[in-house]
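The values are calculated or read from the model by the stated rules, or taken from the named source; none is laboratory data. Worth saying up front: this structure is predicted, and the values here are computed from it rather than measured. Heads up, the Cβs are rebuilt from the backbone with ideal geometry, glycines too, and the neighbour counts pull from every protein chain shown.
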Amino acid sequence: MNRLSICCRSRRTTSRTSAQGYTLIELLAGILITGVTTSISLGALMTFLRSEQFNTTVSTRLQDMNLALDLMADELRGANQFTVPPTCPSSEPSCIPVLEFTVAGVGQPIRYYLLNQADNSQSVFRDGVGFTPQGLYAAGTPFAALVIDQIPIDSAFTCPAGSQGAGTAAFNGCIRNGKLVNIQLRDQDGNGVNAQIARRVGL
């Protein structure tokens, strides 16, 4: 009888102790640790996502700029007569003209020029003869398009002695004896692509 009584008292005591659960201090400590861990994890995740977004933006911009440089280089290699000084298209009388030229077999001029944008940058535009679906010039078909954006607003540019040109220190071209002798272009971050465009044109 005594053994049974002792056994039962022991079980009742254990059951009552388990039912008491965690203390308030233990709960607060657990919440604090969980909060700190979550905050650190979210901070690391946000940093990673921003880094990925930046890398994607830079990669996309470089791809766009390479395509634009290829277009410009192809046209400039085929230019047979440059206009000095270049002029703005009638649709954009306030532009900053940089290059104006014609290509063999097409009388319509092709222009590259700068326009100021609301975000305190400039964009390079192309205006002139359009293209067929096969990528050939379509005489008489107008074509105007954005080429490169986020060009820094910069000071006026003066070509070296013996050549003439126009544009800004960020985007300009110099002509001597009817031929392009120098071209410069850099983006909003100041990354020079002068060697790329000059090499593609063959200067």
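Data table
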read-out	value
Among (1) modelled with pLDDT of 80 or more; (2) farther than 14 Å from F125 by Cα - the single one I148 does not satisfy	(2)
Every pair of residues 6+ apart whose Cβ atoms lie under 7 Å, when the first sits in region 169-196 and is at pLDDT 55 or above while the second is acidic (D, E)	A169/D154; A170/D154
Condition check for V124: touching a residue at least 24 places away in the same chain (Cβ under 8 Å), under 20 Å from P89 (Cβ atoms) and surrounded by fewer than 19 Cβ atoms within 10 Å (Cβ to Cβ)	no
